Amino acid sequence: MSVTSSHQESISLDDFRHGMRRLASGVSLVTTQHAGEKYGLIASSVSSLAAEPPSLLVCVNQSATSHAYFLQAGHFAVNVLREQHADLCAQFSQSSRREERFQTGNWQTITTGAPVLADALVSFDCQLEKVVEWHTHSVLLARIVGINLAGEAAEPMVYFNSSFHSLGL
């Protein structure tokens, strides 16, 4: 199916950013391991794709330092963060704290060898099946091959209006 549009006008980048700030989303720490090294980044563009087979998609900026490692490894884990993971989120969001990554937290593996945060709300262990390039980002389409449901589904971390929040459940 092909979609065409007669409107070539574009919204401004500032308007887009202001609009997206109003879209609340869960916060995930996406991790992988390649050639004995661990890599990770914070992502708010994670979505379920299908239940059959269980799959999801993750959008990763191609300028991210770890972008190539996700593609080379061919697997990754999506760790959905809790309110208590604010410092861990900061470690993975700030390049100046790169050396601190994976030094805190209880890390384990399930199936693929990607690092899984033991106390995440949920961790999805994923096998990369397809990559779709979209301008500045890669959309990673993956089959879920393992899952870790740690404890209750409470106190998720949410990204809204350019900052991290809790729902206070």
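Return the residue satisfying two criteria in turn: it lies in the range 143-166 and is assigned to a loop (DSSP other than H, G, I, E, B), open to solvent by 80 Å² or more (accessible area, probe 1.4 Å) and touching a residue at least 24 places away in the same chain (Cβ under 8 Å), and of such residues it is farthest from Gln108 (Cα to Cα). Lay out the reasoning, then the answer.
Of the residues in the range 143-166, the ones assigned to a loop (DSSP other than H, G, I, E, B) are 149-155, 161-162.
Checking the rest, the ones that are also open to solvent by 80 Å² or more (accessible area, probe 1.4 Å) come to 149, 152-153, 161.
Subsequent filtering for residues that are touching a residue at least 24 places away in the same chain (Cβ under 8 Å) retains 149, 153, 161.
Values: Leu149: 13, Ala153: 20, Asn161: 32 Å.
The qualifying residue farthest from Gln108 (Cα to Cα) is Asn161.
Test of understanding: among Leu140, Leu121, Leu117, which residue is crowded, with 19+ Cβ neighbours inside 10 Å and under 12 Å from Gly40 (Cα atoms)?
Details: Leu140 fails: under 12 Å from Gly40 (Cα atoms); Leu121 fails: under 12 Å from Gly40 (Cα atoms).
From the options Leu140, Leu121, Leu117, the qualifying one is Leu117.
Mind listing whichever residues of the range 107-123 are over 21 Å from Ala35 (Cα atoms) and part of a strand (DSSP E or B)? If you could, list the steps in order and put the result at the bottom.
The first filter runs over the range 107-123 and keeps only residues over 21 Å from Ala35 (Cα atoms), leaving 118-123.
Across the range 107-123, the qualifying residues are Val122, Ser123.
The values are calculated or read from the model by the stated rules, or taken from the named source; none is laboratory data. Computed from a prediction, not measured in an experiment: that's the story for all the values here. All Cβ positions, glycine included, derive from the backbone under ideal geometry; neighbour counts span all protein chains shown. Protein only, heavy atoms only, side chains kept; ligands, DNA and RNA dropped before computing areas. Shrake-Rupley method; radii C 1.70, N 1.55, O 1.52, S 1.80 Å.
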